Amino acid sequence: MPAPVSAPAQSTERRGRLWWLPADGCGNGLDDGAWAPVLEVSHQAVPALLEVLREAGIPAYAAPIRPALARLKEQAQKQAEGYRLYIGTSAYGRAEAVLLAAMPLVTRSVGTAWR
């Protein structure tokens with residue numbers, strides 16, 4: 001039986017945002033080399049949170065929590081869609097402080113920010 005062969009990566013260059021994140025989301029225009037999920041929010045809160053984080057210089061990206069097929073079924077049932085907010089790991093600590101300050105304001109402006 002032959003031994004398994006491992007091949008080196010073809011390129012060690014940075015692959016970009018979609019390498020780490022779901023393809024069907026949206027970002028705030030800032031990029032990072034790695035991403036970490038930070039919280040789950042309602043779809044109404046996404047634009048405000050992305051803007052607050054962009055103004056603070058923090059890379060952020062939001063993507064639907066459920067796969068596209070599940071979301072289609074949910075639309076038929078009129079269930080609210082939740083989003084997972086990802087933060088660039090280079091700014092994770094700053095992002096926590098910005099989110100703690102911004103969430104009360106975002107919650108008041110959109111009704112409920114939480115999923």
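The values are calculated or read from the model by the stated rules, or taken from the named source; none is laboratory data. Predicted model only: the values in this text are computed from it and were never measured. Ideal geometry is used to build each Cβ from the backbone, glycine not excepted, and the neighbour counts take in all protein chains shown.
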Checklist entry - Given the conditions (1) modelled with pLDDT of 90 or more; (2) assigned to a helix (DSSP H, G or I); (3) surrounded by fewer than 16 Cβ atoms within 10 Å (Cβ to Cβ), and given that Glu74 satisfies all but one, which numbered condition is not satisfied? => result (1)
Checklist entry - In this structure, does Leu53 turn out to be in a helix (DSSP H, G or I) and modelled with pLDDT under 95? => result no
Checklist entry - Here are Asp32, Asp24: which of them is at pLDDT 60 or above, part of a loop (DSSP other than H, G, I, E, B) and crowded, with 18+ Cβ neighbours inside 10 Å? => result Asp32
Next on the checklist: Quick check on Ala91: is it surrounded by 18 or more Cβ atoms within 10 Å (Cβ to Cβ), at pLDDT 60 or above and among the hydrophobic types (A, V, I, L, M, F, W, C)?
Outcome noted: yes
